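Student: What follows is a structure written as structure tokens; I'll ask about it next.
Rule-based calculations on the coordinates, nothing more; no lab input. Remember, predicted model here, so these are calculated numbers, not experimental data. When we count neighbours, we look across all protein chains shown, and the Cβ atoms used for this are built from the backbone with ideal geometry, even at glycine.
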Amino acid sequence: MITVLTPACVFKPIKTVGFFGVFLLLIGCTPSTTEKILSKAKEAHGGSSYQKLKQIDYEKTSWRLSEQGDTLSTQVENHSIDFEKGTSGIFWIKDSVHWQAQKKRQRTTLLKDGVAVIDTILLAKISRKLDAAQFVFWQPFRLLESNPQLSYQGTQTLFNGWEVHHLALRYPGQTDRWSFFFDAKTYLLKATGVFFKNRYSLIINDKQESKTGLWLHEKRTSYFTDSLFVPNRKGSLYAYKIEAIH
């Protein structure tokens with residue numbers, strides 16, 4: 001269910017004589033602009049095909065960049081989402097330590113070199129990491145399945161010349177703000193903007209994969225930006241490789 005902040009129905013006040021006074025006449029109920037864009041985006045990303053997917057495994061590589069554009073660090077993660085079991089997991093190696101995290105509904109487990117971690121603060125951090133990974137990768141479908149407050153901000157041109165539809169998103173009780181930019185012609189998700197920890201970022205979808213038919217992320221560039229999502233510099237590069245789909 002989607003909470004749209006633009007009116008979908010039109011009411012017209014009608015004056016009458018006597019006991020009934022003034023009442024509202026419903027003269028039409030049409031889908032909002034936000035709903036239309038999400039509907040077209042869903043079709044552009046494979047329609048209902050994503051609902052038939054049972055499991056997806058992918059590799060994500062991240063490169064963190066300096067102000068000069070040099071690579072500061074590289075991290076490879078192996079992700080798995082099992083839609084039937086309701087689980088998501090990540091495996092990665094950092095400083096020769098093997099980490100394996102899994103979340104099933106609200107329960108998160110973490111192994112460090114095969115030993116269970118019981119640190120509740122670290123487990124909470126890993127739980128957020130798993131949620132964020134799935135939220136970012138599984139777009140625009142998460143917008144269709146969750147209950148965010150969406151508002152249509154009109155069309156605009158991004159710094160690279162792309163003309164896009166802008167949907168702004170906020171979740172109740174959260175200070176983070178998200179913006180989703182859909183191609184004005186194809187309705188594919190082309191970029192995501194976020195305000196997080198008092199910093200604005202814009203992540204561009206440089207390339208989208210076609211193996212799944214869902215046009216998920218393949219190559220992305222993250223920029224630090226101003227409040228209008230005009231880049232100051234590159235912050236990170238991301239590459240995604242689909243390894244298995246069921």
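Student: From the backbone phi of region 194-210, what are the Karplus-calculated ³J(HN,Hα) couplings (6.51 cos²θ - 1.76 cosθ + 1.60, θ = phi - 60°) in whole Hz, Gly and Pro given as x?
Tutor: Result, ordered by residue: 8, 10, 9, 6, 6, 9, 9, 9, 10, 10, 8, 7, 5, 8, 10, 6, 10 Hz.
Student: Please give the contour-minus-distance gain from Gln153 to Trp99: 0.36 nm per residue of separation, less the Cα-Cα distance, rounded to one decimal in nm. Walk me through the numbers before you get to the answer.
Tutor: Values: separation 54, 0.36 × 54 = 19.44 nm, distance 4.09 nm.
Computed gain between Gln153 and Trp99 is 15.3 nm.
Student: Provide the per-residue ³J(HN,Hα) series for region 94-100, in order, calculated from phi with Karplus coefficients 6.51, -1.76, 1.60 and θ = phi - 60°, each as a whole number of Hz, with x at glycine and proline positions.
Tutor: Each residue's phi maps through the Karplus curve to give 9, 6, 6, 9, 8, 10, 9 Hz.
Student: Counting alpha carbon pairs within less than 8 Å and at least 6 residues apart, what relative contact order, in whole percent, applies to the chain? Before the final figure, lay out the partial values.
Tutor: Details: 508 pairs, mean separation 46.9, N = 246.
Worked out over the chain, it gives 19 percent.
Student: What FRET efficiency comes out for the pair Ser49/Trp162, r = Cβ-Cβ distance, R0 = 30 Å, nearest 0.05?
Tutor: That pair, Ser49 with Trp162, gives E of 0.75.
Student: Let me ask something else about it. Can you give the convex hull volume of the alpha carbon atoms of region 163-234 per residue, in Å³? Kindly include the intermediate steps, with their values, before the conclusion.
Tutor: Details: hull volume 7.3 nm³, N = 72.
It is 102 Å³ per residue.
Student: Report, to one decimal in Å, the Kirkwood hydrodynamic radius for region 80-180 based on all distinct Cα pairs.
Tutor: Details: mean 1/r = 0.0624 Å⁻¹.
It is 16.0 Å.
Student: Still on this model: Would you mind checking which residues have amide H under 5 Å from Asp206's amide H? H placed 1.01 Å from N; only 5 or more apart, or other chain.
Tutor: Placed amide hydrogens put Lys219, Arg220, Thr221 under 5 Å from Asp206.
Student: In the chain, once you exclude exposed chymotrypsin sites (Phe, Trp or Tyr not before Pro) (DSSP loop, at most 13 other Cβ within 10 angstrom), what's the longest stretch remaining? Don't skip to the answer; put the middle values down first.
Tutor: Numbers: sites that count: Phe19, Phe20.
Longest run free of exposed loop sites: 21-246.
Student: Sticking with this one: May I ask for the angle, rounded to the nearest 10°, between helix 120-137 and the longest principal axis of the chain, with both axes built from Cα atoms and the value confined to 0 to 90°?
Tutor: For 120-137 against the chain, the angle is about 60 degrees.
Student: Stretched out fully, how many nm does the piece from Leu111 to Asp176 gain, at 0.36 nm a residue minus the Cα gap? Write down the numbers at each step before the final one.
Tutor: Values: separation 65, 0.36 × 65 = 23.40 nm, distance 2.94 nm.
Gain in length upon complete extension: 20.5 nm.
Student: So what are the ³J(HN,Hα) numbers for region 172-179, from phi and the Karplus equation (6.51, -1.76, 1.60; θ = phi - 60°), rounded to whole Hz, Gly and Pro as x?
Tutor: In residue order, the calculated couplings are x, x, 10, 8, 5, 10, 10, 10 Hz.
Student: Okay, moving on. In region 145-227, which GluC sites (Glu not before Pro) are in a loop and have at most 16 other Cβ atoms within 10 Å, using DSSP for the loop call? Let's see the in-between values first.
Tutor: Details: sites: Glu145, Glu163, Glu209, Glu218; in loops: Glu209.
Passing sites in region 145-227 are Glu209.
Student: Two decimals, Cα atoms only, Kirkwood Rh: what is Rg/Rh over the chain? Present the calculation step by step, with values, prior to reporting the outcome.
Tutor: Working: Rg = 21.3 Å, Rh = 20.2 Å.
So for the chain, dividing Rg by the Kirkwood Rh gives 1.05.
Student: How much net charge surrounds Ala133 when only other residues with a Cβ under 12 Å from its Cβ are counted (Lys, Arg +1; Asp, Glu -1)?
Tutor: Working: positive: Lys60, Lys103, Arg128, Lys129, Arg142; negative: Glu77, Asp131.
Summing Lys and Arg as +1 and Asp and Glu as -1 gives +3.
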